Amino acid sequence: MVKLSVVVITLNEEKNIGRCLESVSEIADELVIVDSGSTDNTIEICLRYGARIIEHPFEGHIQQKNWAISQAGYPHILSLDADEALSEELRDSILSVKKNWEMDGYKFNRLTSYCGKWIRHGSWYPAKKLRLWDSRKGMWRGNNPHDKFIMEKGSRTKHLKGDLLHYSYYSIEAHIEQTNYFSDILAETMYQNRKRASFLIILVHPLWRFFRDFFIKFGFLDGFTGLIITVNSSHETFLKYIKLRNLYRDYKLYGKNRVCFFNSARSWGGGEKWHFDVSTRLSEKGINPIVITNKKSELKTRITDYGIPSYNIGISNLSFLNLFKVLYISRIIKQEKVDFIITNLSSDMKVASLAAKIAGVPNIVYRRGSAIPVRNTFINRFFFGKVLTGIIANSEETKRTLLARNPNLFDKDKIQVIYNGISINKYDEGETTFKYLSENDEIVLGNAGRLVKQKGQDCLIRLARILKDKGHKFKILVAGEGALRRNLVAYSIKMGVENEVVFLGFVNDIKGFMQSIDIFLLPSLWEGFGYVMTEAMVCRKPVVAFNLSSNPEIVVHGETGYLAERNNMTSFTNYVEELMLNPVLSRQMGEKGRLRVEEKFDIRYTLKTMEDFLQR
């Protein structure tokens, strides 16, 4: 028999939640409640049923539900809304499924109660819902607030007997209020997806909605109540298109000021996080961005979950020579009426900026994320001199080194430094799942980053050997994946520190990771902007790194951590030992690190600088 997690998101649901949890009490092996700030008795009622309560800020129905299922202890999940409950027949069906789970997901009809009357016609019944599934086989998608769980291609589903009982509205006034609220969300979602609201659409769609629901789907058989529901549904359709039209009018963005973020990297790093953070926050402000990225990238997954329109394309170093690919990208840019494009990798810059130039985009910007000089080649002189209109550097050091080989390559006054800001509030509010408990008073050192030569994790293995020889009790946790993993593991065995250096692989919960360590180490050979150091500092951890690239812009030597002499292992080791032996100093530096992030690297400053840059 499979174990079943029942997951419910809540906000002030004291009227409904007890009935919901009572109906699943016989089938749930775990009750997970994700609450977004209830001020009534919702939490107290949930605790009576033995539920696990998790507080999480509400960012949208789809985002909240995807986050909620990630907190479940079992992969097999029944997802319910607080105003839903299982009928006896459906409960029996689910019990049978638990004993013999055959499919990837299970559907059932939802029967809705409206002002005390069960509605059995129109678009409300039978409303088939996929709510019981193996969470490894799909995720919540759709358009807020009308979310739906989408299974992976090839997944098998089955329809179960019994109804999911939906206690929707207790009064007509509540229905009208919710209609107005939902139409706001629908209009904003359509606006982000560049939907249009012509006069013909505003006129025809509400009329069609009424005719379909009342006549074709027999809504009239529900009598006067069916008429009320159909009229309100038609009114919601009317409102969402009127509000959509008003959004275009208010923002004055009908075909203007569309920002395109172009990032084809498959891996997830500081550049990808910057593109995600900035694009999502601009979206919330009505700037309405699009993202062009690799379909196999983590950025693509996160952007899709957030609801930002995206296109998939693969890019190589020579893609700018592929005329068909350039014209294809140019067609997308022109079709989306982009007038501001921001590229990421050097290969992205060449192909996307050329395509943007052909499409007539007036603002073509290259975001530089590496503190490495640009080669003084004919191709680079062409792109930097004839195509690009602006550059974003992720640090002052990146800006300085950019033109080291040719100071006339680009106008320095058109290079804007925008740091990789961190959302401190969301970071503080987020739940953690990663836990490492130190043993025998050992000091836990941590590092997070791709396992590549640039990040210098081999230094950590040499450090471990030195510390072990001196008799220190410690662990070094290394979070991240990369091409050098096998070599680094083999090196740790060769050095006899395989028990002291733990390779964790990719860690989703970086906050939990940072909270589990005492000191953060960054032995990178170079950095554009060491974003991971700000993540450590916001968790009040002191940092030890080398004095190179942009590290001095983040870490204040002797105050928030130590900057060792470049590539000097003796200096690096001495600073690590000093913090290991002096926990009071370590805590003081951690507190000062937190203050520095709040003063200099909050995402609000990043976004404000970005908005000013776009306006200029």
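In this structure, the amide hydrogen of residue 127, modeled 1.01 Å from its nitrogen in the peptide plane, lies closer than 5 angstrom to those of 110, counting only residues at least 5 positions away or on a different chain.
Each peptide in 300-309, 388-397 was scored by the mean count of other Cβ atoms within 10 Å over its residues; highest first, the order is 388-397, 300-309.
State, as an integer percentage, the relative contact order of the stretch 431-600 based on alpha-carbon contacts under 8 Å between residues 6 or more apart. Could you put the intermediate results ahead of the total?
Working: 307 pairs, mean separation 36.9, N = 170.
This gives 22 percent for the stretch 431-600.
What is the helix-to-structure angle for 88-99, meaning the angle in degrees between its Cα long axis and the longest Cα principal axis of the chain, kept from 0 to 90 and rounded to the nearest 10? Helix 88-99 sits roughly 40 degrees off the main axis of the chain.
Across the stretch 160-177, coupling constants 3J(HN,Hα) worked out from phi with the 6.51/-1.76/1.60 Karplus curve, θ = phi - 60°, read 9, 6, x, 10, 8, 7, 10, 9, 7, 10, 9, 8, 5, 4, 5, 5, 4, 4 Hz, and Gly and Pro carry x.
Rounded to the nearest 20 debye, what is the charge dipole size of the stretch 172-251 about its Cα centre when +1 sits on each Lys and Arg Cβ and -1 on each Asp and Glu Cβ? Write down the numbers at each step before the final one.
Working: 10 positive and 8 negative charges, 106 e Å.
Value, rounded to 20: 500 debye.
Of all DSSP bridge pairs formed entirely within the stretch 431-600, close to 5 percent run antiparallel.
Here the contact order of the chain, divided by its residue count and restricted to Cα pairs under 8 Å and six or more residues apart, works out to 8 percent.
For the chain, the mean residue ellipticity at 222 nm estimated from helices alone is -12500 deg cm²/dmol, where every DSSP H run of n ≥ 4 contributes -39500 (n - 2.57) and the total is divided by all residues, rounded to the nearest 500. Note on the stretch 279-360: lysine pairs with Cα distance below 25 Å, sequence gap of 8 or more or different chains, count 24. Relative to the longest principal axis of the C-alpha atoms of the chain, give the angle of the C-alpha long axis of helix 485-494, reported between 0 and 90° and rounded to the nearest 10°. Approximately 50 degrees, to the nearest 10. Beta bridges assigned by DSSP with both partners in the chain are antiparallel in approximately 25 percent of cases. Whole-Hz Karplus values for the stretch 505-516 come out as x, 5, 10, 5, 8, 5, 5, x, 4, 5, 6, 8 Hz, taken residue by residue from phi with 6.51 cos²θ - 1.76 cosθ + 1.60 and θ = phi - 60°; glycine and proline positions read x.
Separation of the stretch 135-214 from the stretch 61-86 is 18 Å, based on Cα centroids. Counting only alpha carbon atoms, the long axis of helix 346-359 and the longest principal axis of the chain meet at about 60°. Along the axis of the charge dipole computed for the chain (Cβ charges of +1 for Lys and Arg, -1 for Asp and Glu, origin at the Cα centre), the listed residues 146, 505, 313 are led at the positive end by 313.
When only Cα pairs under 8 Å and 6 or more residues apart are kept, what is the percent relative contact order across the stretch 126-243?
25 percent
For a paramagnetic label modelled on residue 386 (point 7 Å from Cα along Cα→Cβ), amide N atoms under 19 Å away belong, within the stretch 392-424, to 408-411.
Rule-based calculations on the coordinates, nothing more; no lab input. Not measured: the values here are computed from a predicted model. All Cβ positions, glycine included, derive from the backbone under ideal geometry; neighbour counts span all protein chains shown.
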